[in-house]
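A.B. asks: Could you have a look at this structure, given as structure tokens, before my questions?
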Amino acid sequence: MRLDVFTLFPDHFGWFLGQRHVTNLLDRGSEIRLFDYRETTPLSAGQVDDAPYGGGAGMVMRVDVVDAALEAAYGSDRSSVEILALSPQGRVFEEVTAVELSGIDHLALLCGRYEGFDERVIEHLVDGSVSIGRFVLSGGELAAMVVADAVLRKLPGALGDESSPIEESFSEALGGAPEYPHYTRPATYRDWPVPEILLSGDHGAVRDWRLAESRDRAGRDPA
Ligand code: ADE
């Protein structure tokens, strides 16, 4: 996958780019590029935002600045890139969205700041917008890392042999339900024993128990 992130704070991604599943993918030929809006802004003194028309608090990312950044990266034909803006008003990101996006060859994530983007960015420059939940962050950077993390770990080679993104919470394998509980040694800690079935060695029974637990979790509110 080619993943491009447009941001005012490229250095915020240093930690993320060092994560094992990300470096695994970079080693296997995936590419992650960071674009700083300030480097391509057509305005003087690195300006990227402006006061909202109609008044109100905060600053709004300018449409000409975002367009210039996209133009510098892709030119005027952007048809081969899926461009998504991070915005609290976007489509709420879920596991199915992660699966969907993991099938895209070239994905661009646009981080906003301040009061978000001029609405013409959403209307004319992007293919969609994504929210990581019904709350407001100070900017799109953390949201972009959340989306990128959930998407990239789906790609072959991201995770080590021991972990599999096939059967986990909300996956198709579990019918979209939360994953079943896991336990490891010690078998008893204080007076908290591991469910006996897991120590039985009966793989069929363990499987049935896990699926039942997963279904059960789907039917109740998370603790
Ligand atoms: N930017 C600010 N808040 C956000 C959210 N909840 N999701 C995506 N981008 C955001």
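The values are calculated or read from the model by the stated rules, or taken from the named source; none is laboratory data. All figures in this text were calculated on a predicted structure; none of them were measured in a lab. When we count neighbours, we look across all protein chains shown, and the Cβ atoms used for this are built from the backbone with ideal geometry, even at glycine. All accessible areas refer to the heavy atoms of the entire protein, side chains included, with ligands and DNA or RNA removed. Shrake-Rupley method; radii C 1.70, N 1.55, O 1.52, S 1.80 Å.
A.B. asks: Based on what the data block shows, is LEU101 crowded, with 21+ Cβ neighbours inside 10 Å and within 16 Å of the ligand (Cβ to nearest atom)?
C.D. replies: In short, yes.
A.B. asks: Could you please find all residues in segment 98-111 being in contact with a strand residue (DSSP E or B) (Cβ under 7 Å, 6 or more places away or on another chain) and either at pLDDT below 95 or part of a helix (DSSP H, G or I) (or both)?
C.D. replies: First, the residues of segment 98-111 that are in contact with a strand residue (DSSP E or B) (Cβ under 7 Å, 6 or more places away or on another chain): 101, 104-111.
Hit for segment 98-111 is LEU101, nothing else.
A.B. asks: Could you list, in sequence order, all residues of segment 126-156 that are assigned to a helix (DSSP H, G or I), more than 9 Å from the ligand (Cβ to nearest atom) and open to solvent by 30 Å² or more (accessible area, probe 1.4 Å)?
C.D. replies: ASP149
A.B. asks: Of the residues that make up segment 61-78, is at least one within 18 Å of the chain's Cα centre (by Cα), assigned to a loop (DSSP other than H, G, I, E, B) and crowded, with 19+ Cβ neighbours inside 10 Å?
C.D. replies: Step one: list which residues in segment 61-78 are within 18 Å of the chain's Cα centre (by Cα), which gives none.
No, every residue in segment 61-78 fails to be within 18 Å of the chain's Cα centre (by Cα), assigned to a loop (DSSP other than H, G, I, E, B) and crowded, with 19+ Cβ neighbours inside 10 Å.
A.B. asks: Output yes when any residue across segment 111-123 is away from the ligand (no atom under 14 Å from the Cβ), open to solvent by 70 Å² or more (accessible area, probe 1.4 Å), without any contact (Cβ under 8 Å) to a residue 12 or more places away in the chain and under 20 Å from ARG217 (Cβ atoms), and no when none is.
C.D. replies: There is no residue in segment 111-123 that is away from the ligand (no atom under 14 Å from the Cβ), open to solvent by 70 Å² or more (accessible area, probe 1.4 Å), without any contact (Cβ under 8 Å) to a residue 12 or more places away in the chain and under 20 Å from ARG217 (Cβ atoms).
A.B. asks: Check PHE93 against each of (1) within 10 Å of the ligand (Cβ to nearest atom); (2) crowded, with 22+ Cβ neighbours inside 10 Å and name the one condition it does not meet.
C.D. replies: Checking PHE93 against (1) within 10 Å of the ligand (Cβ to nearest atom); (2) crowded, with 22+ Cβ neighbours inside 10 Å, the one that fails is (2).
A.B. asks: In segment 10-59, which helices (runs of 4 or more DSSP H) lie fully inside it and hold 1 or more residues that are loosely packed, with under 11 Cβ neighbours inside 10 Å?
C.D. replies: In segment 10-59, the matching helices (runs of 4 or more DSSP H) lie at 14-17, 20-27.
A.B. asks: Looking at SER214, SER200, which one is surrounded by fewer than 17 Cβ atoms within 10 Å (Cβ to Cβ) and either of a type in the set (S, T, N, Q) or in contact with a strand residue (DSSP E or B) (Cβ under 8 Å, 6 or more places away or on another chain) (or both)?
C.D. replies: Testing whether each residue is surrounded by fewer than 17 Cβ atoms within 10 Å (Cβ to Cβ) and either of a type in the set (S, T, N, Q) or in contact with a strand residue (DSSP E or B) (Cβ under 8 Å, 6 or more places away or on another chain) (or both) leaves just SER200.
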